[in-house]
Structure formats: structure tokens, C-alpha cells
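Reviewing the structure listed below.
The values are calculated or read from the model by the stated rules, or taken from the named source; none is laboratory data. This one's a predicted model, so the numbers in the text were calculated from it and none came from an experiment. Note: ideal-geometry Cβ built from the backbone for every residue, glycine included; neighbour counts use all protein chains shown. Side chains are part of the model used for accessible areas, which takes the heavy atoms of the whole protein and leaves out ligands, DNA and RNA. Shrake-Rupley method; radii C 1.70, N 1.55, O 1.52, S 1.80 Å.
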Amino acid sequence: MTDVVIQGNAAPRGAGGRPYYSGSNGQPGKGWGGGLFTNGGSIAVFGTSIISDNNDEGVDATQADCGTTGGGTITADTTVYFPAATGCPTTTATVEMPYRTQVTSLPVGDANCADGGVQIDTGFDDGTSTGIRANGILEADEIDSTEYVCNGAPGADGTDGATALVNLTTLNVGDANCANGGVQLDVGLDNGDGGETAGDGTLGAGEVDSTNYACNGTNGQDGADGADGTNGHNSLSRYTALPIGDANCANGGQMLEAGLDNADGGGTADDGVLDAGEVDSTSYICNGADGADGANGADGADGTNGYSSLVTTTGLAVGDANCANGGVQFDAGLDNGDGGEAAADGVLDAGEVDSTSYICNGADGADGSDSLTLTTPLATGDANCADGGTQIDFGLDNGDGGETAGDGVLDAGEVDSTTYVCNGAAGQDGSSQLSATSDLAVGDANCPDGGTQIDFGLDNGDGGETAGDGVLDAGEVDSTAYLCNGADGEDGTETLVEVTEEPAGDNCEAGGQRIDAGSDLDADGTLGDDEITTTTYVCNGIDGQDGADGTDGADGENGADGADAASLLTRVRPLTGDEDECSATGFMLEVGRDVDGDGELSEEEVESSSAVCHGTRGPAGPEGGCSSTGNGHAPGSFAAVLLLALGALVRRRRS
């Protein structure tokens with residue numbers, strides 16, 4: 001559906017400024033139903049319009065003169081904007097129940113139209129009695145009025161019947177029939193009544209059979225600003241000529257299809273073409289059946305051929321001079337070649353246009369008030385939430401109840417609705433979470449190299465076990481995880497140390513000892529030259545300069561011969577990991593003096609010792625605990641340990 005705007009003073013009204021439906025001047029609460037009437041090439045489109053007092057469709061809008069408040073908000077598929085009277089605000093009325101018109105073709109022999117015609121039913125799609133509300137169909141119980149436009153009876157001489165014509169005349173503000181302006185609708189047959197010319201396509205004054213008025217209402221009170229609506233789609237229409245024998249018009253006629261350019265049914269939106277899926281309504285204007293042959297009359301003079309009536313529609317953009325907010329321009333006229341155009345070519349050329357009407361889009365409304373939400377915690381024992389919860393208030397920041405509008409705060413007077421989100425009652429205590437571990441032997445299906453199994457579960461008595469006993473029984477196990485040992489890594493290579501005498505030379509000026517260390521790569525127990533990774537020298541101190549000769553003293557008595565000085569020895573003893581010094585394998589470097597002179601360092605002769613430990617073996621790593629240059633120590637670590645041991649020995653000897 002789309003909004004329809006009638007520009008100027010074009011809204012039909014009855015006495016007292018109230019809208020009415022056809023044939024019931026002044027009836028409140030009803031409006032013109034949608035319909036199309038042609039009159040000599042003119043076209044008039046009536047959308048549904050309502051603004052009345054005390055009607056029976058659920059709306060109470062006060063109809064009053066300029067300056068009197070009135071209104072009510074009415075929601076529906078069609079909106080008509082009535083022009084403002086001089087000095088009065090513009091009135092906008094929105095229809096709550098779509099007021100619909102239903103046109104039904106009547107065959108020859110119908111009880112109401114013996115020669116066939118059209119039955120026009122009007123009413124609100126309000127679901128009265130057994131009908132369905134707002135379903136787009138005017139059902140039997142929803143029909144408020146019915147009119148018949150009947151074909152004329154065949155003339156005695158068999159001549160064609162007169163054409164029914166409609167004239168629209170815009171009434172200005174102050175008109176005797178429409179104080180606020182409106183439209184005068186004259187209906188009649190082109191039959192030459194009152195001395196007029198029959199069949200000339202013009203409804204002369206003497207041919208008018210009935211006159212109705214659609215009057216503009218007085219300006220109502222401005223309603224609250226609504227949010228901007230989304231842009232509507234243009235309303236399109238299409239005429240299709242129907243041949244004689246058509247299923248809907250046995251004698252031929254015209255099919256009128258109308259709808260919104262909104263892409264319904266897979267069509268393309270707003271492309272200016274009414275696609276098949278966009279058609280919302282279809283009406284038929286059928287030719288009347290041929291009357292029975294009358295007595296032959298005298299031959300008349302040949303008449304001139306008539307011209308087809310054509311209608312074209314043109315979409316108007318926003319900013320158009322006739323429709324500031326855009327809309328549709330309807331041009332109507334006869335294909336008669338007026339203005340030097342080509343006659344009877346099926347095209348309504350500019351010179352052939354006899355009348356132009358506009359259906360304009362309504363202007364966007366002003367911004368409405370912001371919608372606000374306020375939440376308030378509710379304590380246990382609250383009347384609305386026994387276990388506590390949250391109260392959620394909704395409303396517009398519009399200053400209702402004497403509050404301040406537009407301040408961003410939802411005050412008490414602005415609250416329109418309240419909802420409660422309540423906490424549930426407290427549940428029963430849950431069971432404790434337990435875990436249990438068990439060792440897995442080598443060869444276990446889950447851990448081939450052994451490991452630990454960890455079971456998890458709730459102490460809830462599942463599987464017939466005892467709940468709450470603090471023991472995770474088999475039936476209570478919910479999940480199991482495994483921590484598996486890694487496979488044993490390959491054995492690392494043994495580190496060897498070899499100590500040799502170093503003669504006086506470049507490495508030790510006064511001589512000393514050379515300490516070679518490295519990994520026994522070929523596992524032969526001997527440190528080969530190619531296996532040495534580090535070499536350290538422990539050098540003897542050089543002799544100091546002789547002191548000046550002292551004065552010879554008196555010769556003393558010869559003393560007893562002194563004992564020979566003991567030699568300094570070192571010994572490397574492997575460690576298996578069972579000793580306190582190393583948790584893994586390694587070696588013990590021992591230093592002492594050869595007191596008994598047997599060339600071997602015995603346990604009693606050890607004066608200083610230092611342990612060099614291998615790193616512990618990793619779980620399936622490369623060489624457990626060993627660096628790239630040795631097992632568990634850096635290349636210079638052995639030399640450092642040896643120096644420490646020797647230093648300790650020297651300090652001990654000096655002391």
C-alpha cells in the first residue's frame with residue numbers, strides 16, 4: 001500500500017465538511033473507496049479518507065472549524081492530506097480501517113440491472129461479524145453500501161446507448177456546498193437531455209443526473225510527531241484491451257491493473273514498470289451486450305468516427321513544481337490529433353492532453369520523541385518478583401505527566417509500559433566434584449610406557465553408588481584422563497677426563513698439568529685426540545727472583561735430614577648416581593699429596609674433591625641432560641672444578 005495525497009481542494013466532502021461515500025451526503029465515519037472513473041478523457045482517483053466525529057470504526061476525531069482541536073491517530077494503508085483552509089493548519093487524517101471499493105460485473109438478466117452493468121460495493125475492511133479484518137478483501141458482512149451502474153436498455157431503433165460520463169469540479173474555500181473547498185462530482189449520461197448534444201463526449205449541464213460533493217474537513221489539532229517513514233513506492237496502473245469473447249468481458253472491454261512498483265513477485269522495484277507480480281488489484285470495464293434488434297429506422301447520415309480515450313502516467317521526482325515530495329502525473333485525453341498530433345495512433349501526444357491530475361507524496365513528518373528504557377533491580381520479597389529480579393520501564397521522552405521532555409531521562413510520568421524479569425527460585429545444592437588417580441604399569445593399553453590415570457566425576461551416587469560419601473566410585477566416574485610416561489631416550493655418551501704432565505713451554509712457562517675432557521663417542525673407554533672438546537692447563541708458578549744475600553750468620557749445628565716433599569696427585573672417580581653428590585651419573589675429581597710415595601692417590605691422601613654431575617635423562621629426549629659438548633656441563637666446567645680443587649689444596653697447604 002502507499003500514501004495518497006490529493007492536492008488542492010480535491011477531497012470529496014458532504015454537508016458540514018464531513019467526508020462521505022457515494023450517494024450518502026454527510027454521512028460521518030466513511031470515506032470514498034478507491035476507484036477510477038473516466039469522463040471524456042478525465043480521470044479522478046479517490047483514496048480512502050477519514051476525519052469525522054463519533055464514527056463506529058474505533059476512531060473519535062472531532063470535526064470543527066479552524067482553531068478547534070481534534071484528531072486521534074488512525075493507522076491504515078492509505079493516508080489523505082486535506083488542504084488547509086486560509087489561516088488554518090494543515091489537517092492530516094490516517095485511516096484506521098482500509099475503506100475499500102469492490103467492482104463486480106453484472107450479466108444481462110441480473111435482478112438489479114436487467115441489461116447488465118456494474119455493482120459497486122463499498123465498506124471498511126474491518127472484519128465485521130464473520131469477516132476477516134484488514135485482509136484486503138471486502139467480504140459480504142463488511143459491505144456498507146451498494147450501488148449499481150446499469151447498462152441502458154436497448155433503444156427501440158437499436159441505436160447505441162448513451163455513454164456514462166463523470167465531471168470533476170474543484171471547489172474553492174468558501175463554496176456554498178463545501179465551506180473548506182473540495183470536489184463536485186457530476187454524473188450523467190451523454191444522452192442530450194436538457195437540449196444538450198448527445199454523444200459528443202461532454203457531460204452538458206442538462207445531462208447531469210446526480211451531483212455529489214467530497215468536501216475538505218476543517219483543520220484538526222496537530223498530532224504528535226511520528227518517526228520518519230520509509231520511502232513508499234510509486235503506484236502504477238496499466239490498461240489492456242480485451243477482445244470479444246474474453247472470459248471476464250464477453251463483449252470485450254478494458255482490464256485495469258494497479259499496484260505498487262515494489263518488486264513483489266520477483267519484479268524490479270521502482271523501475272517504472274508494473275510487473276506481473278506487482279499487480280495488487282485488477283478491475284474490468286466491460287462493454288455492454290448488444291441489444292435486441294429494433295425496427296429498422298430510416299438511414300441516418302454517416303457519423304464521424306469516435307476517438308479512443310487514453311491515459312498516461314508519469315513519475316514525478318522530489319522537487320517537482322506540482323509535487324514537492326514527488327508523486328505521479330496523470331494525463332488524459334482523446335487520440336484525436338489535437339494540436340497537430342497524429343490521430344488514432346494509440347499514443348497520447350502532448351497536444352491531445354485534455355486534463356492533467358497529480359497524486360503527490362506526503363511530506364516527511366517531524367522527528368518524534370526518543371524511546372527510553374529504565375531498569376531497576378528488585379529485592380527478594382518484591383510483590384512482582386518474589387525471588388527478586390529486574391523491573392524494566394519503557395516510554396517516550398515526551399514530557400508526559402508534567403515531566404521534562406527531551407532530557408534523556410525516563411521520568412515516572414513518561415512511563416508507558418513496565419515489564420518484570422524475575423529470578424527463579426534457588427535450586428538444590430549440587431554434588432561435589434571429585435577426582436581419583438591410579439598408577440598405570442608399563443604395557444598398559446592407554447599408556448604403553450606406564451603413567452597415571454585420572455578419573456573425574458560428581459559424588460552423586462550414579463550407578464548405584466553411595467552419594468556424598470567423599471569417594472569417587474566407579475559408577476560416578478564421568479570422564480577419565482591419562483598422563484603417560486614418555487618412552488626411554490637413547491643413552492648419552494660418557495664424558496672422559498685425561499690429566500697429563502705439561503712440560504715447561506708455551507702453555508706453562510714452569511710446566512704443570514694438561515687436563516683434556518670430551519665425550520667417549522666410540523665408547524672404547526679411552527679419550528681419543530678426536531674426542532677432546534676442551535683442554536685446560538694448570539701451570540706451576542715460576543721461581544721468584546733471588547733476594548739479596550744476607551750477612552752470613554754464625555754456623556749453626558747441623559740439623560737432622562728433612563723428609564722428601566710429597567708429589568701432588570689427582571684422581572678421577574666415576575659416580576653412578578647412587579652417591580649424595582649427584583642424582584645422576586658423573587665423576588669425582590680428587591686432589592692430594594702422595595704421602596706414602598707409592599705414586600697413587602689413596603683415600604687417606606685425598607685432601608680436596610669436587611663432583612662434576614651429568615644432567616638427568618629426559619623422557620624420550622635426545623641425549624638426556626647433556627649439552628652438545630658434554631654430559632651436563634659446559635666445555636670449561638671440568639677445568640673450573642679442577643682449579644677450585646687445586647686452589648682449596650693450596651690454601652690448605654699454606655694454612
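Observations, loosely collected:
- Just one residue in the set GLY291, GLY253 is under 24 Å from GLY201 (Cβ atoms), surrounded by 14 or more Cβ atoms within 10 Å (Cβ to Cβ) and in contact with a Pro (Cβ under 9 Å, 6 or more places away or on another chain); that residue is GLY291.
- Residues that are of a type in the set (A, V, I, L, M, F, W, C) and more than 11 Å from HIS233 (Cβ to Cβ), drawn from segment 247-262: ALA247, CYS249, ALA250, MET255, LEU256, ALA258
- Residue within segment 431-442 that is outside any loop (DSSP other than H, G, I, E, B), without any contact (Cβ under 8 Å) to a residue 40 or more places away in the chain and more than 24 Å from TYR482 (Cα to Cα) present: no
- Residue identified as in contact with a helix residue (DSSP H, G or I) (Cβ under 6 Å, 6 or more places away or on another chain), small (Gly, Ala, Ser) and closer than 22 Å to ARG100 by Cα among GLY194, GLY277: GLY277
- Just one of the listed residues (GLY291, GLY265, GLY306) is in contact with a Gly (Cβ under 7 Å, 6 or more places away or on another chain) and more than 17 Å from ARG238 (Cβ to Cβ), namely GLY291.
- Members of segment 485-524 that are free of Cβ contacts under 8 Å to residues at least 40 places away in the same chain, of a type in the set (Asp, Glu) and surrounded by 15 or more Cβ atoms within 10 Å (Cβ to Cβ): GLU498, GLU502, ASP516, ASP520
- Among the residues making up segment 421-430, a single one is part of a strand (DSSP E or B) and either charged (D, E, K, R) or surrounded by 14 or more Cβ atoms within 10 Å (Cβ to Cβ) (or both): CYS422.
- Verdict on GLY116 being modelled with pLDDT of 75 or more and either under 30 Å from THR197 (Cα atoms) or of a type in the set (Gly, Ala, Ser) (or both): yes
- Pairs where the first residue, in segment 545-564, is open to solvent by 100 Å² or more (accessible area, probe 1.4 Å) and the second is at pLDDT 70 or above, C-beta under 8 Å, 6+ apart: ASP564/GLY597
- Strands (runs of 3 or more DSSP E) wholly inside segment 167-246 that include at least 1 residues being at pLDDT 90 or above, among the acidic types (Asp, Glu) and exposed (fewer than 15 other Cβ atoms within 10 Å of the Cβ): 208-215
- Residues satisfying the stated conditions in segment 565-584, i.e. assigned to a loop (DSSP other than H, G, I, E, B), modelled with pLDDT of 70 or more and open to solvent by 60 Å² or more (accessible area, probe 1.4 Å): THR576, ASP578, ASP580, GLU581, SER583
- The set of residues in segment 104-119 being crowded, with 19+ Cβ neighbours inside 10 Å and assigned to a strand (DSSP E or B) consists of LEU106, GLY116, GLY117, VAL118.
- Inside segment 458-482, residues that are surrounded by fewer than 12 Cβ atoms within 10 Å (Cβ to Cβ) and touching a Leu at 6+ places or on another chain (Cβ under 9 Å) make up a count of 2.
- The residue list ASP397, ASP387, ASP349, ASP411 contains one member that is within 30 Å of ASN322 (Cβ to Cβ), free of Cβ contacts under 8 Å to residues at least 40 places away in the same chain and surrounded by 13 or more Cβ atoms within 10 Å (Cβ to Cβ), which is ASP349.
- Among the residues of segment 547-563, the ones that are closer than 30 Å to ALA510 by Cα and modelled with pLDDT under 70 come to 5 in all.
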